[in-house]
Amino acid sequence: MQVVSGFEDTEAFEVLHPAEQHVPFVFNSPHSGRHYPEPFLNASRLDRIAIRRSEDAFVDELFSGVTGLGAPLLRACFPRAYLDVNREPYELDPKMYEERLPAYANSRSIRVAGGLGTIARVVGEAQEIYRGRMSVREALNRIETIYKPYHLTLRRLLARTHVNFGYAVLVDCHSMPSTIRSSDNGPRPDFILGDRYGTSCAHTLVDLATEILRDMGYTVARNKPYAGGFITEHYGRPAKGLHALQIEINRSLYMDEARTDRNSDFDAFAADLARFNEALVALPDSGLIPDALAAE
C-alpha cells in the first residue's frame, strides 16, 4: 500500500486474522485509530488531547478477541480526525481548501455541513481542527492512499466470507459520548444498534443481539440517533445475504472521556463484551435464525 506523509513507519490500517475463519462474521473498527501524523498535528490548532475527541478510543482493543472466535477484525490506525472512512469517498467541504474541489466532490451533504465529511473540519463539540486551509491535493492523497485501500480490504473480507459461508455479517464497531440520548427525554443508552431502520441487516439478528445485551443488564436503543453511517448503508444488502450491523457503545462504560483513558471498569466491561461477541457469532448455529441470513 502506498504511504502518505506521517505513515512511513506504520501501517495506516491492519487486519487481525483468526487462525481459521469459521464464523460468517467480519468485524470493523474504522474510528479507533490513534496514530496522529506529526504534519497533521502541526497543521492543527488543537492540542493532543482535544484532537482525540472524535476518536473511538480502545474500540479495536475491546473487539480484538473476535479473532479467537474465528472472525477477522479490520481496524484503522489512522485517526478519524485525519480521514473518515465511514463517509462517501468525496464528501468534502469547499471552505477547507485552497483550490476549487473537483466536480465529483459531494460538498452538499448534511455531514459536510456539520463539519464531519471525509476530511473532517471539526472534532467533538464543533472544535475546528485546522489552523488554515489545506490543498486539495492533500485531501485527495489521503483518499487515494488510505480510504480506497481500506474499503478494498473490507470488500475482499466480506466477499471471501460470503463465498465461504453463503452469507456475511459485518459488525461495524463504534463508541459514543455518554451524553447521547436515544430521545429528548429518554435514558442514556449503554448500546445503540443501527441497521438503517431495518434495511441493512436481518431484523431477527438485530432482535437477538438486543436480547443478549438486555439479558446482560444493559440498556439498548435502536437506530436513534445512530442508524448507521456510510459503511452500514453501503455494505448492508440483506436480500443478497450481506448484512451490516452498527454497534455504538457508551464510552462511560469503559473509559474516562475527559482524559481519553481507560477507567476502572474497563476490564469488567471488556469481559462482558467478549461474552456478547461469543453469543453473537454463535447465533447462526443456534437454530434461531436458520434462513434469515442467507436470504431475507
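Using θ = phi - 60° and the Karplus curve 6.51 cos²θ - 1.76 cosθ + 1.60, what whole-Hz ³J(HN,Hα) does each residue of the stretch 63-78 get, with Gly and Pro shown as x?
In residue order, the calculated couplings are 9, 5, x, 5, 5, x, 9, x, 10, x, 10, 8, 9, 7, 9, 6 Hz.
Straight-line reach from residue 95: which lysines have Cα under 25 Å away, leaving out those fewer than 8 places along the same chain?
Filter leaves 148.
In whole Å and largest first, what semi-axes does the C-alpha gyration tensor of the stretch 183-296 yield when each eigenvalue is scaled by 5 and square-rooted?
26, 17, 12
Rounded to the nearest 500 deg cm²/dmol, what is the calculated helix-only ellipticity per residue at 222 nm for the chain, with -39500 (n - 2.57) per DSSP H run of length n ≥ 4?
-7500 deg cm²/dmol
What is the calculated FRET efficiency for residue 268 to residue 179, with r their C-beta to C-beta distance and R₀ = 25 Å, to the nearest 0.05?
The formula returns an efficiency of 0.65 here.
Could you calculate the FRET efficiency of residue 98 with residue 156 from 1/(1 + (r/R0)^6), where r is the beta carbon distance between them and R0 is 45 Å, rounded to 0.05?
According to the calculation, E is roughly 0.80.
Quick one: net charge of residue 220's neighbours, Cβ under 11 Å, K/R +1, D/E -1?
-3
With every atom except the alpha carbons ignored, what do you get for Rg and Dmax of the stretch 1-150, in angstroms?
15.9, 49
So for the stretch 112-151, what are the equivalent ellipsoid semi-axes in whole Å, largest first, each being the square root of 5 times an eigenvalue of the Cα gyration tensor?
In descending order the semi-axes read 20, 13, 7 Å.
D for the stretch 1-66, whole µm²/s, Stokes-Einstein with Kirkwood Rh over alpha-carbon pairs at 20 °C and 1.002 mPa s: what number?
152
Which aspartates and glutamates have a Cα lying under 14 Å from the Cα of residue 240, excluding residues fewer than 8 positions away in the same chain?
Within reach: 291, 296.
Once the Cα atoms of the chain are picked out, what are the Rg and Dmax in Å?
18.7, 57
Mind computing the radius of gyration and Dmax over the alpha-carbon atoms of the stretch 102-221? Å is fine for both.
When restricted to the Cα atoms of the stretch 102-221, Rg and Dmax are 18.6, 51 Å.
Residue by residue through the stretch 129-140, what is 3J(HN,Hα) from phi via Karplus (6.51 cos²θ - 1.76 cosθ + 1.60, θ = phi - 60°)? Round to whole Hz and write x for glycine and proline.
With coefficients 6.51, -1.76 and 1.60, one gets 7, 9, 6, x, 7, 10, 7, 4, 4, 4, 5, 5 Hz.
Using only alpha carbon pairs under 8 Å that are at least six residues apart, calculate the relative contact order of the chain and give it in whole percent.
It rounds to 20 percent for the chain.
Suppose the chain between residue 259 and residue 48 were pulled fully straight at 0.36 nm per residue; how much longer would it get relative to their current alpha carbon spacing?
74.9 nm
If the cut-off is a Cα-Cα distance under 13 Å, which aspartates and glutamates reach residue 224, setting aside same-chain residues fewer than 8 apart in sequence?
Cross-link targets: 184, 190, 195, 248.
Given the peptides 132-144, 23-35, arrange them by the average over their residues of other C-beta atoms within 10 Å, most packed first.
23-35, 132-144
Laboratory data are not the source of any read-out in this text; all were calculated from the coordinates shown. Predicted, not measured: the structure shown is a model, and the values here were computed from it. A quick note on method: Cβ atoms are made from the backbone with ideal geometry, for glycine too, and the neighbour counts reach across all protein chains shown.
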